[in-house]
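Trainee: Take this structure first; my questions come after.
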Amino acid sequence: NTGKEKTCKALGNRNQTLLNTCLLGGGFPFFPFIDDVGIIDEVQMLKDSERGSAWTRALLGLPAREIHLCGSSAAISVVQRVLATTEEELEIKMYDRLSPLKVSRRSLRDAYSDIREGDCIVAFSRKHIFAIKQKVESATGYQCAVVYGGLPSATRLEQSRLFNDPNSNFKVLVATDAIGMGLNLNIRRIIFHSIEKWSGQDILTLSSSHLKQIAGRAGRYQSQFPDGLVTTFKQEDFQSMKKLFSVPEADIQQAGLSPQYEQIELFAKYLPRASFSDILVLFHKFATLDGLYFLCDIDDEK
């Protein structure tokens, strides 16, 4: 993940490291220890065009004697093929979701007054989040917690705590898809304010897997809201959301990679007058990968 919080502790005679910023082996000779158990959550994110390389690198380089991969079954095939190249043993266990997740009978039809305690409204920009927060608080009287990717880790966790606390006044959450990573939230209903997201180059409709990942945050076993619901704010998005929600997930075919700093440094020696941005573009242009991997987008790195 891209967070900075890190917790290391011992469980009995086992070392366990819970980290959002992962320290990886292979190329880090100063790495101080090897864990007994490592856990990689949302492993299907290795297909992400922007951040997939972080999951691929963790899969191949996490220094642990045993690694547990959690995520969609769509990732099984590509994980099997990646680990076949390293001759690792892979054991597959399938689990059913413990709490039901259903599509609501209708959208909110643009009515902020229909928002209820435990709802999470999902938008895809900080500007929209704060505009929605203001409208919800005005229409319902509920206070809203907010979560988005740019929040410092401590603030994000505090906002999550306020929303989860049944004794607090923060009854509604307004968030980006950042809720899909590393947060345990007691959400009754996910409401998509939009099912489109800016990709950095264009406005695109959410993929089925991305929509399901976000929707899956509704309903939590043995919580205040064990049964999850998902709907849209706008009526015109409702049928499209239902269709995306019902599409079976296709197997992931490739895992993302990004060049390491050592590779970029070596490549740059042959281009002494090129800018860093040009070096990255040229590296991506001339790099050759087999069919198991793809190069992640470089816009953020440039």
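Trainee: How much length would be gained if the chain were fully extended between residue 167 and residue 249, taking 0.36 nm per residue of separation minus their Cα-Cα distance, in nm to one decimal?
Mentor: Difference between extended and current length: 25.7 nm.
Trainee: So I have [x] 30, 23, 19; [y] 35, 23, 20; [z] 42, 23, 19, and one of them is semi-axes √(5λ) of the Cα gyration tensor in Å calculated from this model. Which one is it?
Mentor: [y]
Trainee: Restricting to Cα atoms and excluding each atom paired with itself, what does the Kirkwood estimate give for segment 150-212 in Å?
Mentor: By the Kirkwood definition, the hydrodynamic radius is 13.4 Å.
Trainee: Still on this structure: In the Gaussian network model of the chain, springs joining C-alpha atoms below 10 Å, which of 109, 65, 156 carries the largest mean-square fluctuation?
Mentor: Taking springs between Cα atoms under 10 Å, the residue moving most is 65.
Trainee: Can you give me the three principal axis dimensions of segment 182-302 from its C-alpha atoms, in Å, biggest first?
Mentor: Between the extreme Cα coordinates on each principal axis of segment 182-302 lie 58, 33, 26 Å.
Trainee: If packing is taken as the average number of other Cβ atoms within 10 Å across a peptide's residues, how do 95-102, 209-216 rank, most packed first?
Mentor: Ranked by mean Cβ neighbours within 10 Å, highest first: 209-216, 95-102.
Trainee: May I ask you to compute the full-extension gain from residue 41 to residue 198, defined as 0.36 nm times their residue separation minus their alpha-carbon distance, rounded to one decimal in nm?
Mentor: 54.0 nm is the gain from fully extending residue 41 to residue 198.
Trainee: So, one more: Arrange the peptides 170-176, 112-118 so that the one whose residues have, on average, the most other Cβ atoms within 10 Å appears first.
Mentor: Final packing ranking: 170-176, 112-118.
Trainee: Another question, if that's okay. Sorted by average packing, counted as other Cβ atoms within 10 angstrom per residue and highest first, what order do 84-93, 218-227, 183-192 take?
Mentor: 183-192, 218-227, 84-93
Trainee: What is the gain in length, in nm to one decimal, between residue 240 and residue 153 on full extension, counting 0.36 nm per residue of separation less the C-alpha to C-alpha distance?
Mentor: 28.0 nm
Trainee: Taking every DSSP beta bridge with both residues inside the chain, roughly what % is antiparallel (nearest 5)?
Mentor: Of all bridge pairs located within the chain, approximately 25 percent are antiparallel.
Trainee: Ok, one more. If I model a spin label as a point 7 Å beyond the Cα along the Cα-Cβ vector, how far apart are those points for residue 263 and residue 112 in nm?
Mentor: If labels sit at residue 263 and residue 112, their model points lie 4.7 nm apart.
Trainee: To the nearest 20 debye, what is the magnitude of the charge dipole of segment 21-174 about its Cα centre, counting +1 on the Cβ of each Lys and Arg and -1 on the Cβ of each Asp and Glu? Before the final figure, lay out each step's value.
Mentor: Numbers: 19 positive and 19 negative charges, 182 e Å.
Using only the charged Cβ atoms, the result is roughly 880 debye.
Trainee: Gaussian network model of the chain, Cα springs within a sub-10 Å range: biggest mean-square fluctuation belongs to which of 279, 67, 40?
Mentor: Checking each option, the largest mean-square fluctuation is seen for 279.
Trainee: May I ask for log10 I(q)/I(0) of segment 120-161 at q = 0.14, 0.18, 0.22, 0.25 Å⁻¹, from a Debye sum over the Cα atoms as equal point scatterers with solvent left out?
Mentor: Scattering profile of segment 120-161, log10 relative to I(0): -0.31, -0.51, -0.74, -0.91.
Trainee: Here's another thing I want to ask about it. Magnitude of the Cβ-charge dipole of the chain, K/R +1 and D/E -1, about the Cα centre, nearest 20 debye?
Mentor: Charge dipole of the chain: 1020 debye, to the nearest 20.
Trainee: Per-residue accessible area for residue 55 at 1.4 Å probe radius, Å² rounded to 10?
Mentor: 20 Å²
Trainee: Turning to a different aspect of this structure: Taking θ as phi - 60°, what are the ³J(HN,Hα) couplings along segment 147-160 by the Karplus curve (6.51, -1.76, 1.60), each to the nearest whole Hz, with x for Gly and Pro?
Mentor: Whole-Hz 3J(HN,Hα) from phi for segment 147-160: 9, 8, x, x, 5, x, 4, 5, 5, 4, 5, 5, 5, 5.
Trainee: Put 142, 270 in order of accessible area, largest first, 1.4 Å probe: what do you get?
Mentor: 270, 142
Trainee: What Kirkwood hydrodynamic radius do you get for segment 62-157 when you take the inverse of the mean 1/r over all pairs of distinct Cα atoms, in Å? It would help to have the intermediate numbers written out before the result.
Mentor: Working: mean 1/r = 0.0556 Å⁻¹.
So the Kirkwood estimate lands at 18.0 Å.
Trainee: Still on this structure, please answer the following. When all alpha-carbon pairs of segment 107-224 are counted, what percent fall beyond 25 Å?
Mentor: Tail of P(r) above 25 Å: 16 percent of Cα pairs.
Trainee: Roughly what % antiparallel, to the nearest 5, for the DSSP beta bridges in segment 117-213? Working shown, then result.
Mentor: Numbers: 3 of 15 bridges.
Among the beta bridges of segment 117-213, antiparallel pairing accounts for roughly 20 percent.
Trainee: Can you list, bin by bin at 5 Å, the percent of alpha carbon pairs in segment 77-128, starting at 0?
Mentor: 4, 11, 13, 12, 9, 9, 10, 11, 11, 6, 3, 0
Trainee: For segment 32-107, what is the charge dipole size about the Cα centre, in debye to the nearest 20, if Lys and Arg each add +1 at the Cβ and Asp and Glu each add -1 at the Cβ?
Mentor: Its charge dipole is roughly 680 debye.
The values are calculated or read from the model by the stated rules, or taken from the named source; none is laboratory data. Predicted model, so just to flag it, every value in this text is computed and none were measured. Backbone-built Cβ (ideal geometry, glycine too); neighbour counts: all protein chains shown. What goes into the accessible areas is simple: the full protein's heavy atoms, side chains included, and nothing from ligands, DNA or RNA. Shrake-Rupley method; radii C 1.70, N 1.55, O 1.52, S 1.80 Å.
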